[in-house]
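The values are calculated or read from the model by the stated rules, or taken from the named source; none is laboratory data. Model, not experiment: these values are computed from the prediction. Please note: Cβ atoms are built from the backbone with ideal geometry, for glycine as well, and neighbour counts cover all protein chains shown.
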Amino acid sequence: MNEIIPIETITSRIYLIRGMKIMLDFDLAGLYQVETRALKQAVRRNSKRFPEDFMFVLTNQEVTSLRSQIVTSSWGGTRYPPMAFTEQGVDKNAEGRM
């Protein structure tokens, strides 16, 4: 990942959930140019590095609320609720470079 990503691209993918600024797994995977599945597998393999203040799974109610707020949905037909990464969790991903 050598290209510079415009700040608007990043900020448009940050949401406020549970009083925390978060980025959803598929948006984070897109920024790192990896498949969402690969990101989730890496997180599961290293679950001890991602406590709840770093990453959590959205509840069904949170998913419904976010979908109603986002007019253009890139969520497709996901089977499971997305993972939400806090600022610390995003930084942790950057350290590991997946």
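Look at the stretch 40-53: where a residue is free of Cβ contacts under 8 Å to residues at least 24 places away in the same chain, no partner that is assigned to a helix (DSSP H, G or I) and surrounded by fewer than 10 Cβ atoms within 10 Å (Cβ to Cβ) sits 6+ places away or on another chain with Cβ atoms under 9 Å. For the stretch 1-35, what are the residues that are in contact with a strand residue (DSSP E or B) (Cβ under 9 Å, 6 or more places away or on another chain) and hydroxyl-bearing (Ser, Thr, Tyr)? Listed by number, the list holds a single entry, TYR15.
The set of residues from the stretch 1-44 being closer than 22 Å to ARG67 by Cβ and in a loop (DSSP other than H, G, I, E, B) comprises SER12, ARG13, ARG18, GLY19, GLU35. Taking the criterion of being without any contact (Cβ under 8 Å) to a residue 24 or more places away in the chain and either surrounded by 18 or more Cβ atoms within 10 Å (Cβ to Cβ) or of a type in the set (Gly, Ala, Ser) (or both), the residues of the stretch 64-74 that qualify are SER65, SER68, SER73.
Filtering the stretch 53-98 down to residues that are at pLDDT 80 or above and either on the phi > 0 side of the Ramachandran plot or among the β-branched types (Val, Ile, Thr) (or both), which residue is nearest to the chain's Cα centre (by Cα)? Selected residue: THR86.
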